[in-house]
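Participant: Can you read through this structure? Questions will come right after.
The values are calculated or read from the model by the stated rules, or taken from the named source; none is laboratory data. From a predicted model like this one, the values you see are computed outputs, not experimental measurements. Heads up, the Cβs are rebuilt from the backbone with ideal geometry, glycines too, and the neighbour counts pull from every protein chain shown. With ligands, DNA and RNA removed, areas are computed over all heavy atoms of the protein, side chains included. Shrake-Rupley method; radii C 1.70, N 1.55, O 1.52, S 1.80 Å.
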Amino acid sequence: MVKRTPLRQQLYSVIFGTDTPAGQWFDLLLIYAILLSVFAVSLDSVAKLHESYGNIFYILEWTFTILFTIEYIARVYCCPSPRRYIFSYYGLIDLVSIVPTYLALFMTGASYLLMIRLLRVLRIFRVLKLARYLTESTLLMRALYLARRKILIFFSIVLVLSTIFGSLMFVVEGPGNGFTSIPKSIYWTIVTITTVGYGDITPHTVLGQLIATISMMLGYSIIAIPTGIVTAELATEMQRRKASLHCRDCHKGGHDEDAEYCKWCGGELP
């Protein structure tokens, strides 16, 4: 633990605190700076803009990086346990978000990795007191977890079908029509089943087009299956949560998750 001096305490309340106006303003300004830096990197990736305003983007990139570096050092300085912060989730993200600019001095194109700074915007949940809304994401993640075996079986079946159709297309169309190997034919099948259809490989024979038609129809048929699986698990999980919320007075359940009073007796819910 680092000894807390008045300067460290003041910096800590501003940088890590969200209960004070100064702390809230600091985090909001930090979020705006992160968004602006990511926006600048995105514009710099456009060839025409890079040719015209490349120097400006370069200056902006280094300006934001220096500011974030100073902020990172200040966080390490004022944190009661610097080691704990450095190896925490936010600590690692804060560090990784400034490293690409320095790597760009030795590796061309490394600066575009600065897009990882967007992960720092997750601080807005803490700043704006939005953490209570994370329970909804927990509900969705639990539904996905409960449906993991069904989803795994579904994807296994899709993979088997893709292998079969891909092998057929390799035999029917052959390298002359772009199906140069079975893996590439499987790639085409997966793209077709998912209804994406890049068009980089297309069948030319009648039999190949028939197989492609079956693949596309199969894709439309099975695309709703994962949605149905997750929806069923989500409904089950929501019912379980409603059933688990019981009134302390009448001991009845079945309340909505955001309910504050019992719908049976009017008593306050826990």
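Participant: Of all residues being in contact (Cβ under 8 Å) with a residue 12 or more places away in the chain and among the polar types (S, T, N, Q) in the range 57-77, which is most open to solvent (accessible area, probe 1.4 Å)? Just the residue, please.
Facilitator: Looking at residues that are in contact (Cβ under 8 Å) with a residue 12 or more places away in the chain and among the polar types (S, T, N, Q), I get 69.
Participant: Separate question: Cβ-Cβ under 6 Å, sequence separation 6+ or interchain: first residue in the range 190-210 and without any contact (Cβ under 8 Å) to a residue 24 or more places away in the chain and in a helix (DSSP H, G or I), partner of a type in the set (A, V, I, L, M) and open to solvent by less than 30 Å² (accessible area, probe 1.4 Å). Which pairs?
Facilitator: none
Participant: Right, next: Being open to solvent by less than 50 Å² (accessible area, probe 1.4 Å), under 30 Å from residue 168 (Cα atoms) and either modelled with pLDDT under 70 or β-branched (Val, Ile, Thr) (or both) narrows it down to one residue among 194, 227, 189; which is it?
Facilitator: Numbers: 194 fails: open to solvent by less than 50 Å² (accessible area, probe 1.4 Å); 227 fails: open to solvent by less than 50 Å² (accessible area, probe 1.4 Å).
Unique residue meeting the criteria: 189.
Participant: While we're on this one: Tell me, which helices (runs of 4 or more DSSP H) wholly within the range 34-152 include 2 or more residues that are modelled with pLDDT under 80? Give the derivation first.
Facilitator: Details: elements: 47-78, 82-86, 89-96, 99-103, 123-127, 134-146.
In the range 34-152, the matching helices (runs of 4 or more DSSP H) lie at 89-96, 99-103, 123-127, 134-146.
Participant: Restricting to the range 30-56, name every residue that is open to solvent by 50 Å² or more (accessible area, probe 1.4 Å) and aliphatic (A, V, I, L, M).
Facilitator: Residues of the range 30-56 open to solvent by 50 Å² or more (accessible area, probe 1.4 Å): 32, 35-36, 39, 43, 45-53, 55-56.
The answer is 35, 36, 43, 46, 47, 49, 56.
Participant: Please count how many residues of the range 78-95 are open to solvent by 60 Å² or more (accessible area, probe 1.4 Å) and among the charged types (D, E, K, R). Give the steps one after another, and end with the answer.
Facilitator: Step one: filter the range 78-95 for residues open to solvent by 60 Å² or more (accessible area, probe 1.4 Å), giving 83-84, 87, 89-90, 92, 95.
Pick out the ones that are also among the charged types (D, E, K, R) and you get 83-84.
Total satisfying the criteria: 2.
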